[in-house]
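Everything below concerns the one structure shown next.
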């Protein structure tokens, strides 16, 4: 019951998001010759741990789709395995701002959950990341909700399953709330992960935690839908 109510809260926050002001009104250029700079921030899923080759992680796949529209697009992947929200804030954000990005994606949180970072600290870090990207760049900002860690083979049926499941919901609620505040577009990976991971084990890498090549392909597909909606026609 608690999970159903919390999930309903996330959906409510997403449904109430308005992209009409500030960073939420930003779009990618109508000029398809524009030198669009894409910067990816985050953890091992951004670096691409679990993919058989770097070009098969979600950032590379998303960049490939971006290049189909913008032939002069560039990408800088700043994701680092093991990164928490404070690592993005302290070690990736300055570099991202300096690159003057047109598009920024952020994926961070699972390490905060497994390392027992307090929700208040995570919330403060994400607020600072969103705030600086919104105020100091012109970028379209996209964040994904965290997949449900409880359905991964690493945690399903284990002692920590209930804890990581609850924290996944709590962290996603914070992400959705802060995204609404700062005009950041949200991609829901939580509900698809709950439906698809138990039914399709091939979406997970051998470690039972990171996405496989197929998992990253699905991730990129969901992210691309959000990015494509911000391309000015």
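The values are calculated or read from the model by the stated rules, or taken from the named source; none is laboratory data. The shown structure was predicted, so the numbers you read here are calculated from the model rather than taken from an experiment. Cβ placement follows ideal geometry from the backbone for every residue including glycine, while neighbour counts extend to all protein chains displayed.
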Task: Number of the exception - residue 8 against (1) part of a loop (DSSP other than H, G, I, E, B); (2) at pLDDT below 95 - done: (1)
Open item on the list: Could you check the range 171-209 and list, in sequence order, the residues that are within 12 Å of residue 151 (Cα to Cα), in contact with a strand residue (DSSP E or B) (Cβ under 9 Å, 6 or more places away or on another chain) and in a loop (DSSP other than H, G, I, E, B)?
Closed with: 197
Open item on the list: Anything in the range 103-136 that is outside any helix (DSSP H, G or I), farther than 17 Å from residue 66 by Cβ and out of contact with any helix residue (DSSP H, G or I) (no Cβ under 6 Å at 6 or more places or on another chain)? List them, or say none.
Closed with: 115, 116, 117, 118
- [ ] Hey, could you check the range 150-179 for residues that are over 12 Å from residue 126 (Cβ atoms) and in contact (Cβ under 8 Å) with a residue 60 or more places away in the chain and say which is surrounded by the most Cβ atoms within 10 Å (Cβ to Cβ)?
- [x] 169
TODO: Quickly run through the range 106-123 and pick out the residues that are buried (at least 16 other Cβ atoms within 10 Å of the Cβ) and either over 21 Å from residue 220 (Cα atoms) or at pLDDT below 95 (or both).
DONE: 112, 113, 114, 117, 122, 123
Open item on the list: Among the listed residues 78, 145, identify the single one that is under 19 Å from residue 189 (Cα atoms) and touching a strand residue (DSSP E or B) at 6+ places or on another chain (Cβ under 7 Å).
Closed with: 145
